[in-house]
Amino acid sequence: MGLKVREAVEKGTRLVVIDPRRTEVSSLAEAQEGGIWLRLRPGTNIPLLNGILRVIFEEGLANEEFIRERTEGVDAIKTHVMDYELSQVEEITGVPEDRIRDAARAYANAGTALILYGLGVAEHKGGTAGVMALANLVLATGHVGRPHTGINPLRGQNNVQGACDMGTLPYSLPGYQHTDDEKALKRFARLWNVPELPVDPGLMEPQMYDEALRGNFRGLYVVGYDPAQTQGNVSHVRAALKALDFLVVQDLFLTETARYAHVVLPAACFYEKDGTFTSGERRIRRVHKAVDPPWDARPDWEIVCLISQAMGYPMFYTHPSQIMAELSQVTPPYAGVSYERIEGHGQVWPCPAPDHPGTALLHTERFPIGKGRFVPVSPVFAEEDADRDFPLTLVTGRRLEHYNNASMTRRCEAFDRIAGKEFVEIHPEDAADLGIVDGSSVAVESRRGRVIATARVTERSRPGSVFMTFHFSETPVNILTSPGLDTKTLTPEYKVCAVRVLPDDDSI
């Protein structure tokens, strides 16, 4: 997606970036004539977005026709955002008032405008509220339901879209049919030849760890995921994994989570099996097996079938195309999807019938709830903020060279030569105050733990904040992160926690 943004900028698309860190993308906006980089304080997304929305209404930039025909609740949102004086927003966010106005005008006045947001929005205690604040901007401007418009959440890992589509959420069946949908439950029960299915939703992931420590949650089956390294407040997670009676890990390599497992099941990687990926545009694409998996490794679906059979339920398939065919019988958005149709350029869902072309563009005439609803959003403050004892704010994220827990990319010698250890990015002003020089060993401490890393003195970090990644198991950065969780989704608050940075030889 970053490459697509770069291509768009080269063709003249105006770029507005909201980010506390000087990333590759924010540098593009900074260098572009007319580009805008809003370098906000970490954790102040909501005040900034409300300030932008205020300008849109205040300066008459809103799409009044769209608001009248396609939305509801506009009076309440106008009243709400008028409380956000831009001088106050500047004080809270650190973003100059004139830059906020420039961003509002650029977005509202564009013929077409697209919002892309990443985990820097979602991984906050107020992550859901931040997404709703973005949705308010879309509704106010009418930048939705037309080509090259809308709002696109960039997922944290590839095929998260496909996994969610398949019903891996604890409150949903495949195709986002909720567990309280009686008709859907009956369809699945008939197909699977069982008398009934559970109605109550399952636990969210953080709830599983809490219940494991209380002794109420006894077994966990982890597929292609490494929570012992990548989850927030990871010491809490590791304690929960130790408390389990039974932990199964199914993965390509022995991850940090596999160290806690009672059973490890070796899985095939993507080019060792047939299957599908689903992109952020809901496009289902075929993956063709290129080589056989090594040793006893098997495709995930085949392992699940074997376990099911061993547990007494006859689950038999000879190819994943049969699973897709079953899915089309019980999931209306997939009714017209088949392996034959997804060859080549793939198939976009919703695709409700075999002769339907697929729905490339959503929300052209109406929203799923009918009219789009403006929702007044107030700031949700971080679990903790910098203070006298822990004066810096840690923002965590990823580096270009490595992917997620790096269990794959660190096995690539070229990547590991380029980025073979963890750095803590610290602004020169903060480094000078602390007596830290570039390349020195430092201790980074929070209220939950301490890690050692190499200092990288750079203006990429905003004054008052530092940046680290969670790629390196020998530097488990997520033992530092906040125990805060999003109030709706329970997503960990990776993006804001209070830390101190000390020269290693002076650390506590």
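Each value in this text was obtained by applying a stated rule to the coordinates, not by laboratory testing. Computed from a prediction, not measured in an experiment: that's the story for all the values here. Because the Cβ atoms are built from the backbone with ideal geometry, glycine has one as well, and the counts that use them run over all protein chains shown.
Odds and ends about this structure:
- Semi-axes of the equivalent ellipsoid for segment 160-348, Cα gyration tensor, largest first, Å: 28, 22, 16
- Cut-off under 5 Å, modelled amide H: who pairs with THR458 long-range: ILE426, HIS427
- Estimated FRET transfer efficiency when R0 is 35 angstrom, pair ILE452-SER279 (beta carbons, to 0.05): 0.35
- Calculated over segment 107-261: convex hull of Cα atoms, volume per residue (Å³): 167
- Length added when fully stretched, LYS4-ALA110, from 0.36 nm per residue minus Cα-Cα: 36.3 nm
- Building the convex hull from the alpha-carbon atoms of segment 283-373 and averaging its projection over directions returns 9.0 nm².
- Magnitude of the charge dipole, the chain, Cβ model with Lys/Arg +1 and Asp/Glu -1, debye to 20: 960
- Backbone amide hydrogens, once placed in the peptide plane, bring ILE115 within less than 5 Å of GLY150, ILE151, ASN152, excluding anything fewer than 5 places away on its chain.
- Fewest-first ranking of VAL263, VAL249, VAL348, VAL395, using other Cβ atoms within 10 Å as the exposure measure: VAL263, VAL348, VAL395, VAL249
- Segment 461-467 - phi-based ³J(HN,Hα) in whole Hz, Karplus 6.51/-1.76/1.60, Gly and Pro as x: 7, 6, x, x, 9, 10, 10
- Considering only Cα atoms, the convex hull volume of segment 209-269 works out to 64 Å³ per residue.
- Rule-of-thumb Rg ratio for segment 178-252 [Cα; 2.2 N^0.38 Å; N residues]: 1.37
- Rounded to the nearest 500, the helix-only mean residue ellipticity at 222 nm of the chain stands at -9000 deg cm²/dmol, with each DSSP H run of n ≥ 4 adding -39,500 (n - 2.57).
- Each residue, ARG398 and GLU326, gets one label point 7 Å from its Cα in the Cβ direction; the gap between the two is 3.0 nm.
- Note on the chain: along the principal axes its Cα atoms extend 64, 63, 44 Å, ordered by decreasing extent.
- Each distinct pair of alpha carbons in segment 318-467 adds a 1/r term; the inverse of their mean, the Kirkwood radius, is 20.9 Å.
- Theoretical gain in end-to-end length, ILE369 to ASN193 [0.36 nm per residue, Cα-Cα removed]: 60.1 nm
- Put simply, the amide H of CYS497, placed in the peptide plane, has neighbours under 5 Å in LEU394, leaving out anything fewer than 5 places away on its chain.
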